[in-house]
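*Asks:* Sharing a structure here in structure tokens format.
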Amino acid sequence: MGARTIVFAEGRGLPMRGDDIDTDRIMPARFLRAVTFEGLERHLFEDERAGSAAAAQAHGVHPFDNPHYRGASVLVVNRNFGCGSSREHAPQALYRLGIRAVVGESFSEIFFGNAVLIGMPCVTASPDDVHEIMERVEERPETVVRVDLPSDSCEIDGVTYDIRLPGNVRDAFITGAWDTTGLLLDGYADVDAVAARLPYVGGF
Amino acid sequence: MGKTLLRKVWDLHTVRTLPTGQTQLFIGLHLIHEVTTPQAFDALRARGWRVARPDRTFATVDHIVPTRERRRPFLDVMAEDMIASLERNCRDFGIPLAGLDDDRQGIVHVIGPELGLTQPGMTIACGDSHTSTHGAFGAVAFGIGTSQVRDVLASQCLALEPLRVRRIRVTGALPAGVYAKDVVLTIIQRLGVGGGVGYAYEYAGEAIERMSMDERMTICNMSIEGGARVGYVNPDRTTADYLEGRPFAPAGGAFDRARAWWTSMASDPDAAYDDDVEIRAEELTPVVTWGVNPGQSVGVDATIPSGREAGMDAAAVADALAYMQLQPGQPIAGLRVDVAFIGSCTNSRLSDLREAARIVSGRRVAPHVKALVVPGSVSVKRAAEREGLDQIFRAAGFEWRSAGCSMCLGMNPDKLEGSQVCATSSNRNFKGRQGSPTGRSLLMSPAMVAAAAVAGEVTDVRKLVNQPEGAAS
């Protein structure tokens with residue numbers, strides 16, 4: 001458990017512009033009607049993509065439909081990405097599509113935590129840098145984006161941008177301690193001791 | 001220097017600091033439902049793990065349940081599959097379940113409090129972002145994803161980053177026709193949908209202190225819509241009075257000991273906060289959302305703002321208005337609605353239904369409006385029926401349904417169709433949220449939904465609040 005280390009992610013980028021992109025948009029609720037996460041990647045942003053009822057309102061090709069970004073490994077987003085519902089179906093679907101890291105201005109806490117537990121780092125960069133990274137990816141979609149955790153950097157076209165990930169989370173990815181279930185199960189006597197000191201557990 | 005409730009609860013539930021630097025926090029109550037748990041139970045089976053504390057776990061069904069015909073097996077094969085899966089998992093792992101045929105069934109954030117499972121000073125987790133609701137009792141309650149559900153099932157613990165605390169003091173008294181929903185929508189509008197990231201929101205001030213538990217739950221419920229995963233109100237006499245006599249609440253001498261402990265967990269008067277915000281209650285008006293997130297709202301007597309007026313990114317406002325088919329400068333009042341929905345974990349409790357019934361009493365739903373009331377639990381439904389609220393709603397032309405999440409998120413047959421406009425007492429106006437990819441949601445208080453249902457358009461409930469019954473058409 002948790003022995004897999006995550007040190008970097010690299011591959012094509014996929015820019016998904018917009019602040020406050022909620023998990024209902026990323027994965028509409030009707031696709032949560034299943035007892036597994038399998039196949040969810042087919043429904044990412046479904047209601048705003050080609051062939052959808054809402055696509056007529058949209059301008060241009062949706063990034064997730066754009067053939068230039070097919071096979072991307074690094075998603076690039078703006079502010080408060082993944083807000084709203086706690087549905088892990090959203091990061092699960094991105095991971096299943098092949099996304100291995102997300103670079104953004106900021107993330108919702110629940111989305112961020114879910115992504116950590118499935119091994120998909122969500123790193124932040126300054127708004128200006130995110131803007132530049134998006135432009136570079138849009139100009140040359142075939143270029144490789146590399147998110148490198150030990151050096152806190154994102155490299156594209158030979159240009160390096162500073163990225164941030166809370167130090168402990170970064171170290172957890174690098175050392176393989178990011179999958180916390182095993183850690184939580186260690187030393188269970190300590191857990192019982194905490195439970196024993198809580199008056200409500202003993203019925204007051 | 002004193003401590004906040006958050007700090008006290010956090011310290012008391014801390015098991016250790018993990019090698020990741022996160023805190024391992026014991027979870028006092030784990031609430032589960034059918035949508036975010038099947039994969040977690042599969043993970044337990046695959047690893048041969050048991051549920052650590054089935055006695056601190058409680059299950060119900062809410063998200064996917066039909067609200068019209070509850071006979072099993074459901075016509076909806078996938079819903080049947082998900083409910084059957086939860087039933088099997090609860091049986092196999094020894095978890096108590098308030099299933100579809102149980103008098104205790106309902107929306108998980110309605111039944112936890114009404115059963116007395118939710119108590120001050122607890123840590124609570126549930127695979128649903130609106131778990132913040134339980135903070136109304138002075139619990140610290142986290143919405144979590146499915147991998148974390150797996151962790152809590154297996155270990156009764158979560159690995160979490162510490163939170164800062166922002167105190168939001170709602171001072172003064174609310175005017176008539178202005179409700180808890182208007183307070184929280186105003187808070188989100190002012191602080192932004194991402195403004196609470198990294199914070200727990202502590203709601204305080206006279207207006208909050210005067211609120212009933214139902215109202216406090218409405219406020220805490222929508223903390224997450226402001227980006228705050230956790231929101232809470234310090235426990236007080238209102239909290240203890242609510243809990244006394246509930247099935248899972250302590251009784252007799254234990255209740256007295258519990259009450260003393262609950263009081264001790266409240267934030268100290270000299271506690272330090274990372275941020276402090278004041279909202280003046282008397283300045284508030286009924287609020288309606290015009291956009292595609294809960295921060296995009298205006299007072300019912302105002303006009304829809306341009307990007308600059310809204311203090312938001314112009315492109316985001318243009319995108320929201322295009323989706324909503326609205327124009328800047330247009331008054332929000334008078335906007336025609338097709339559907340009126342009273343329900344959801346935000347506003348489906350007895351007091352919500354009473355306020356809405358007070359508005360519709362003696363009036364009729366406009367002919368073009370489809371209106372439905374979905375009580376939050378079996379218990380709320382029965383209590384409302386004992387008071388005759390169902391008769392008032394039915395006589396006015398509302399459908400009277402059974403408990404569930406229903407049209408808040410459209411995972412059951414209750415969905416918007418096409419680009420219908422819905423006056424809704426729920427919590428999210430995201431694109432496609434209510435089950436139609438082009439559906440349009442206007443968030444507002446249950447009383448405002450009732451007023452919109454009657455008028456057939458967005459209307460100021462304050463005009464109806466003080467009118468005698470039957471005075472409006």
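*Asks:* Can you pull out the buried accessible area for chains B and A, both sides counted, probe 1.4 Å, rounded to the nearest 100 Å²?
*Replies:* Values: alone 17630 and 10750 Å², together 23000 Å².
In total, chains B and A hide about 5400 Å² from solvent.
*Asks:* If you don't mind, there's one more thing I want to ask. Over chain B, with the other protein chains present, what is the accessible area per residue in square angstrom, probe 1.4 angstrom? Walk me through the intermediate numbers first.
*Replies:* Values: 15100 Å² over 473 residues.
Ligands and nucleic acids excluded, the figure is 32 Å² per residue.
*Asks:* Roll a 1.4 Å probe over the protein chains and send me the accessible area per residue for segment A:18-156 in Å².
*Replies:* Values: 4920 Å² over 139 residues.
About 35 Å² of surface per residue is accessible.
*Asks:* Ignoring ligands, DNA and RNA, what percent of the 1.4 Å accessible area of the protein assembly as shown is carbon and sulfur?
*Replies:* Of all accessible area on the protein assembly as shown, carbon and sulfur atoms account for 49 percent.
*Asks:* Quote to one decimal, in nm, the extra length available between residue B:92 and residue B:209 on full extension: 0.36 nm per residue of separation minus the C-alpha distance between them.
*Replies:* On the way: separation 117, 0.36 × 117 = 42.12 nm, distance 4.31 nm.
Additional length available on full extension: 37.8 nm.
*Asks:* Can I ask one more? At a threshold of 8 angstrom on Cα-Cα distance, excluding pairs fewer than six apart, so keeping six or more, what relative contact order does chain B reach in percent?
*Replies:* 17 percent
*Asks:* What percent antiparallel are the DSSP beta bridges of the protein assembly as shown, to the nearest 5? Could the numbers behind the result be given before it?
*Replies:* On the way: 27 of 81 bridges.
Percent antiparallel among DSSP bridges in the protein assembly as shown is about 35.
*Asks:* Heavy-atom accessible surface, probe 1.4 Å, ligands and DNA/RNA ignored: which residues of segment B:29-67 lose at least 40 Å² versus the isolated chain?
*Replies:* For segment B:29-67, once contacts with the other chains are taken into account, B:39, B:49, B:53, B:56 lose 40 Å² or more.
*Asks:* Let me check something: with ligands and nucleic acids excluded, how do B:216, B:45, A:4 order by accessible area (1.4 Å probe), largest to smallest? Walk me through the numbers before you get to the answer.
*Replies:* Details: B:216 0, B:45 95, A:4 120 Å².
Largest accessible area first, the residues go A:4, B:45, B:216.
*Asks:* Another one. For the full complex of protein chains and a 1.4 angstrom probe, list A:126, A:108 by accessible area with the highest value first.
*Replies:* Greatest to least solvent exposure: A:126, A:108.
*Asks:* Residue B:306 versus residue B:84, label points 7 Å from Cα toward the beta carbon: distance in nm?
*Replies:* With each label point 7 Å from Cα toward Cβ, the separation is 5.9 nm.
*Asks:* Would you please give the FRET efficiency between residue A:128 and residue A:159, computed as 1/(1 + (r/R0)^6) with r the Cβ-Cβ distance and R0 = 22 Å, to the nearest 0.05?
*Replies:* About 0.95, to the nearest 0.05.
*Asks:* What pairs from B:181/B:370; B:181/B:431; B:8/B:431; B:181/B:415 go past 29 Å between their alpha carbons?
*Replies:* Details: B:181/B:370 22 Å; B:181/B:431 20 Å; B:8/B:431 39 Å; B:181/B:415 22 Å.
The answer is B:8/B:431.
*Asks:* Give me the accessible area of residue B:381, 1.4 Å probe, in Å² rounded to the nearest 10.
*Replies:* 40 Å²
*Asks:* Mean residue ellipticity at 222 nm from the helices of chain B, using -39,500 (n - 2.57) per DSSP H segment of n ≥ 4 over the full residue count, to the nearest 500 deg cm²/dmol?
*Replies:* -9500 deg cm²/dmol
*Asks:* Using a 1.4 Å probe on the heavy atoms of the protein chains only, list every residue of segment B:212-238 that has 50 Å² or more less accessible area in the complete assembly than in its chain alone.
*Replies:* Buried-area filter returns B:229.
*Asks:* Run the 1.4 Å probe and let me know the accessible area of residue B:199, rounded to the nearest 10 Å².
*Replies:* 30 Å²
*Asks:* Relative contact order (percent) for segment A:88-204, with alpha-carbon contacts under 8 angstrom and 6 or more residues of separation?
*Replies:* 19 percent
*Asks:* While we're on this one: Suppose R0 equals 22 Å. What FRET efficiency, 1/(1 + (r/R0)^6) with r the Cβ-Cβ distance, do residue A:96 and residue A:66 give to the nearest 0.05?
*Replies:* 0.75
*Asks:* Right, another one. Which order do you get for A:192, B:268 if you rank them by accessible area with a 1.4 Å probe, largest at the top?
*Replies:* On the way: A:192 75, B:268 50 Å².
So the residues, ranked largest to smallest area, are A:192, B:268.
*Asks:* If you average the alpha carbon positions of segment B:431-467 and of segment B:19-77, how far apart do those two centres end up, in angstrom?
*Replies:* So the two Cα centres are separated by 33 Å.
*Asks:* Another question, then. Kindly state, to the nearest 0.05, the FRET efficiency for residue B:417 paired with residue B:101, given R0 = 30 Å and r defined as their beta-carbon distance.
*Replies:* FRET efficiency, residue B:417 to residue B:101: 0.50.
*Asks:* While we're on this one: Quick one: pull the percentage of alpha-carbon pairs in chain B with a separation above 44 Å.
*Replies:* Details: 9946 of 111628 pairs.
Every Cα pair in chain B considered, those over 44 Å come to 9 percent.
*Asks:* Accessible area of residue A:68, 1.4 Å probe, to the nearest 10 Å²?
*Replies:* Taking all protein chains as shown, residue A:68 has close to 110 Å².
*Asks:* With just the Cα atoms defining each centre, how far is segment B:191-229 from segment B:84-146? Give it in Å.
*Replies:* 19 Å
*Asks:* For a quick check of your reading of the filter: which GluC sites (Glu not before Pro) in segment B:62-103 sit in a DSSP loop and have no more than 13 other Cβ atoms within 10 Å? Walk me through the intermediate numbers first.
*Replies:* Details: sites: B:69, B:80, B:87; in loops: B:69.
Answer in residue order: B:69.
*Asks:* Have a look at the protein assembly as shown and give its Rg and Dmax from the Cα atoms, expressed in angstrom.
*Replies:* In order Rg, Dmax, the Cα atoms of the protein assembly as shown give 23.8, 73 Å.
*Asks:* Net charge near residue A:145, counting Lys/Arg +1 and Asp/Glu -1 over other residues with Cβ under 10 Å of its Cβ?
*Replies:* In short, 0.
*Asks:* Could you give the Stokes-Einstein D for segment B:287-465 in µm² per second, using the C-alpha Kirkwood radius, 25 °C, 0.890 mPa s?
*Replies:* Values: Rh = 16.0 Å.
Roughly 154 µm²/s, to the nearest whole number.
The values are calculated or read from the model by the stated rules, or taken from the named source; none is laboratory data. None of the values given here were measured: they were computed from a predicted structure. With ideal geometry, Cβ positions are generated from the backbone for all residues, glycine too; neighbour counts draw on all protein chains shown. Just the protein is used for accessible areas: all its heavy atoms, side chains included, with ligands, DNA and RNA removed. Shrake-Rupley method; radii C 1.70, N 1.55, O 1.52, S 1.80 Å.
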